[in-house]
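What follows is calculated from the coordinates using simple rules that are stated; it is not laboratory data. These numbers come from a predicted model, not from an experiment. Cβ coordinates were reconstructed from backbone atoms using ideal geometry, including for glycine residues, and neighbour counts include every protein chain displayed.
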Amino acid sequence: DNATRVSLRARPDAVAALSKALGLSLPLKPKTTTSQGNRAALWIGPDEWLLIDADGSSLVADLAKVK
């Protein structure tokens, strides 16, 4: 399995920039998931998500671009 999985914790004011960098909107409601292409974001808690990139491409690199 080449998928990359990342547990992400972020402040509410960082969600918009992270969503833009990831190319998908981080879900903000309990028990919801969003996906775009090979990526998925699962809501874990109010400030935590599980990110999965099925092909393992550039998930970590995209997150590193967020300042």
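Assorted remarks:
- Segment 1-20, residues that are under 20 Å from LYS65 (Cα atoms) and either surrounded by 17 or more Cβ atoms within 10 Å (Cβ to Cβ) or not small (Gly, Ala, Ser) (or both): THR4, ARG5, VAL6, LEU8, ARG9, ARG11, PRO12, ASP13, VAL15, LEU18, SER19, LYS20
- Any hit, segment 45-57, residues being of a type in the set (S, T, N, Q) and surrounded by 14 or more Cβ atoms within 10 Å (Cβ to Cβ): yes
- Within segment 1-33, the residues that satisfy the criterion of being assigned to a strand (DSSP E or B) and over 9 Å from the mean Cα position of the chain (by Cα) are THR4, ARG5, ARG9, THR33.
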